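Asks: Sharing a structure below in structure tokens format, with a few things to ask.
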Amino acid sequence: MSSGYLGIVILLIISTGFVALTVVTSLLVGPSRYNRAKYDSYECGIEPTPQPVGGGRFPVKYYITAMLFIVFDIEIVFLYPWAVSFDLMGTFALVEMVLFIVTVFVAYFYVLRRGGLEWD
């Protein structure tokens, strides 16, 4: 084995040992008495509402909002390093970032026009 990977292998062994130790410790030290109250869902002291057999369905708008959050979060992940090293990259990077932002905003306006951001 190459000495360059030795540190990674040691770190993997230590982390695996830590995970195994914490799981075994929680099984040995944790409470072993279970009752119905522990298995019931807890909703801030309010009696839980009955759930349908299949677990219920979330509205599609929930998923659209989640996907939009991910898209704009990824956009920020790309914009931050670009802004930090803007002086070193030149005109090509500026054109590429403008194309990227235009693409994201086209998708945003499409969702806005389709009513994906309107809450009932």
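The values are calculated or read from the model by the stated rules, or taken from the named source; none is laboratory data. Since this is a predicted model, take the numbers as computed values, not measurements. Glycine gets a Cβ as well: all are built from the backbone with ideal geometry, and neighbour counts include every protein chain shown.
Asks: Can Phe58 be described as at pLDDT 80 or above, among the aromatic types (Phe, Trp, Tyr) and on the phi < 0 side of the Ramachandran plot?
Replies: Considered against the rule, which asks whether it is at pLDDT 80 or above, among the aromatic types (Phe, Trp, Tyr) and on the phi < 0 side of the Ramachandran plot, Phe58 comes out as no.
Asks: Does Ser85 meet the test of being modelled with pLDDT under 80 and hydroxyl-bearing (Ser, Thr, Tyr)?
Replies: No; evaluated as a whole, the condition is false for this residue.
Asks: Please verify whether region 80-101 includes one or more residues that are part of a helix (DSSP H, G or I), of a type outside the set (A, V, I, L, M, F, W, C) and either in contact (Cβ under 8 Å) with a residue 60 or more places away in the chain or within 15 Å of Leu68 (Cα to Cα) (or both).
Replies: No, region 80-101 has no match at all.
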